[in-house]
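Participant: Got a structure for you, questions after.
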Amino acid sequence: MQIISQLTALTDGLPDALTGGAISIGKFDGMHRGHSLVVERLKVYSQKRQIPAILVTFEPHPAVVLQPDADLRPICSLERKIELISKVDRHWQVDAVVVMTPTMEFLQQSAETFFRETIQNRFQARVVLAGRDFSFGRGRSGTPDTIRQFGQQAGIDVEIVDPVQIDTGNGNRPISSSWIRKLLQDGQIGQANELMPHPYRMTATVIAGKQRGRTLGFPTANFGRVQTILPKEGVYATATWIKGERYDSTTHIGANLTFGIVQTNIETFVHHFDGDLYGEQISVDFLGYIREPQRFDSAEALVRQMREDVLCSQTFAGSDT
């Protein structure tokens, strides 16, 4: 699978070997089960017509360009997204993931200009796959019906892929990145993970903390800047990946109210691990929500609760990557 990154949205071209293929363009944030279906459909067209299969995504997210002052973190980083795309089918992969760098000028194009300049001229697409919620062009004016119309005029086949539905107990609901994002923000980790073929993962570099956990018998790895969305504050059962090895862990997101620290911190106690992690990049898979942050009257009371948290973490199983 070829990765073409930092492709300037308005100017850079593609290698000839990647033109004339089946393409799907989208943010693919979280690479949920609906996105996996798009990859499977690309596989069908690629094999049937003997043409390249190409996923086109964006970095940064177009919304970040349109709203630069907003905190619009994605569900997964670009690196994680590409990793998950490669794992949709271990026996078959798309030929290329093209990462376009959107600019304001690019995002302000009309839907017709976007189709003509990007899909028709640059990619010379023969097949376009789009989800039912796909939109493109200035003001999201391009719709699935629009792209089907443009495709008919240009002699390009267009397939609109219906969303994957899940039974919520109150009827079916289509899986979407926005739904997953809301579930994460509400602490509904289990439900969010059901919509993805993998647990929600957070990756960061370990930085020095106050080392209070070590004095309490629970040394924690403190997270530096996190690129992806922060789940609801609280304590979580997690699995931590360190240099390719998986460890059970318990992760706290929020203020340390017992010691009067009000800023939000992210720290992970890695079970049965003894080593220096400063400067290491680690990844944490979120498996379940245990409790909300709370203030304890003493360090001893906090330690008792942390022991219970660790026991609760150990009831969660799974090692999906």
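What follows is calculated from the coordinates using simple rules that are stated; it is not laboratory data. Keep in mind that what you see is a predicted model, and the values were worked out from it rather than measured. Neighbour counts run over all protein chains shown; Cβ positions are idealised from the backbone, glycine included.
Participant: Relative contact order for the stretch 199-313: what percent, with Cα pairs under 8 Å and sequence separation of 6 or more?
Facilitator: 34 percent.
Participant: Suppose we flag chymotrypsin sites (Phe, Trp or Tyr not before Pro) only when DSSP calls them loop and at most 16 other Cβ atoms lie within 10 Å. Which is the longest uninterrupted stretch of the chain?
Facilitator: 93-272
Participant: Can I ask one more? For the chain, with equal point scatterers placed on the C-alpha atoms only and solvent neglected, what are the log10 I(q)/I(0) values from the Debye formula at q = 0.10, 0.11, 0.12 1/Å, to two decimals?
Facilitator: Taken in order of the listed q values, log10 I(q)/I(0) reads -0.64, -0.75, -0.86.
Participant: For the stretch 100-141, state which trypsin sites (Lys or Arg not before Pro) are in a DSSP loop and have at most 13 other beta carbons lying within 10 Å of their beta carbon. Walk me through the intermediate numbers first.
Facilitator: On the way: sites: 116, 122, 126, 132, 138, 140; in loops: 126, 132.
Of the trypsin sites (Lys or Arg not before Pro), the ones in loops of the stretch 100-141 whose Cβ has at most 13 other Cβ atoms within 10 Å are 132.
Participant: Continuing with the same structure: At 222 nm, what helix-only mean residue ellipticity would the chain give, in deg cm²/dmol to the nearest 500, using -39500 (n - 2.57) for each DSSP H run of four or more?
Facilitator: About -7500 deg cm²/dmol.
Participant: Non-local amide H neighbours of residue 229 (under 5 Å, H modeled in plane, Pro and chain starts lacking H): which ones?
Facilitator: 75
Participant: Note down the relative contact order for the chain as a percent, whole number, built from C-alpha pairs under 8 angstrom at least six residues apart.
Facilitator: Relative contact order of the chain: 16 percent.
Participant: What is the log10 of I(q)/I(0) for the stretch 199-313, computed with the Debye formula using one identical point scatterer on each Cα and no solvent, at q = 0.10, 0.21, 0.23 Å⁻¹?
Facilitator: Debye curve over Cα of the stretch 199-313, log10 I(q)/I(0) at q = 0.10, 0.21, 0.23 Å⁻¹: -0.25, -1.26, -1.57.
Participant: Rounded if a/c is under 1.5, else prolate if a/b beats b/c, else oblate: with a ≥ b ≥ c from the C-alpha gyration tensor eigenvalues square-rooted, which is the stretch 2-165?
Facilitator: Because its axes are fairly even, with a/c under 1.5, the stretch 2-165 counts as rounded.
Participant: A 25 angstrom limit on the alpha carbon distance is what I want to check against. Which of 43/232; 43/81; 43/243; 27/87; 27/243; 43/182 exceed it?
Facilitator: Over 25 Å apart, Cα to Cα: 43/232; 43/243; 27/243; 43/182.
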